[in-house]
Amino acid sequence: MPAAEYGDFRLPRTLSELRVLKDHLATFAKDYPTNFILGYCSIYIFMQTFMIPGTIFMSLLAGALFGVIRGLFLVVFNATAGASSCYFLSKFIGKPIVNWLWPEKLKYFQAELAKRREKLLNYMLFLRVTPSLPNLFINLASPIVDIPFHIFFLATVLGLIPSSFITVRAGLALGDLKSVKDLYDFKTLSVLFLIGLLLLLPTLLKRKRIYE
């Protein structure tokens, strides 16, 4: 990348900064796709691992530069890799942090998991698809409440697809997007919760049979 363009490179914090960044990177991403993708993946995974805000802008950027299919693959891959790294980081040093930041939320999470141990994957998919709990909290708390990594991994890969699709697709119309909040309006949230409830249905039916 030419030094003049590299000087303008920074992690975007607003949509206007993202539009400027997209314009600076468009030619470079087209001419040097391998270099760009390696750099993009490294930054995204680093941000996700160390809980640095702003990955939503990286997801929008993927849609703007690569389109829906390739952009979705990139975002899900990076989000899963970063979440997995965060999971193992939290396994070693996360317990005091989570207990300090979210003591009540952690108790609630543990209580809900205790009810759904036999259908744990369904419940984790529900949490990933819907905004019931922040993804940051799920990444940090999962190893602390003994969610097996294979369940965490599968729920992350599959559960992030709907919301990632929405974000990546919005990146195609980056110039028309007025606010990040516009990504998740009432209609979009309703669809995500409907998908989440369908995923949770086996757990709810099992509990109903038990009580009967």
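What follows draws every value from the coordinates through simple rules; no lab data is involved. Every value quoted in this text rests on a predicted model; they were computed, and no experiment measured them. Positions of Cβ are generated from backbone atoms using ideal geometry, with glycine treated the same way; all protein chains shown enter the neighbour counts.
Among Phe57, Phe46, which comes first, second and so on when ranked by fewest other beta-carbon atoms within 10 Å? If you can, show how the numbers build up before the last one.
Values: Phe57 22, Phe46 13.
Ordered from fewest to most neighbouring Cβ atoms within 10 Å, Phe57, Phe46 come out as Phe46, Phe57.
Largest first and to the nearest Å, give the Cα extent of the range 3-211 along each principal axis.
The Cα atoms of the range 3-211 stretch 65, 38, 27 Å along the principal axes, largest first.
Between Pro33, Pro12, Pro131, find the one with the highest GNM mean-square fluctuation for the chain; connect C-alpha pairs within less than 10 Å.
Pro33
Find the lysine pairs in the chain meeting two conditions, Cα atoms under 18 Å apart and a separation of 8 or more places or different chains, and report how many there are.
The result is 13.
If you put +1 on each Lys and Arg Cβ and -1 on each Asp and Glu Cβ, how big is the dipole of the chain around its Cα centre, in Debye rounded to 20? If you can, show how the numbers build up before the last one.
On the way: 23 positive and 13 negative charges, 172 e Å.
The dipole of the chain has a size of about 820 debye.
Between the range 49-63 and the range 145-187, how far is it from one alpha carbon centroid to the other, in angstrom?
That distance is 11 Å.
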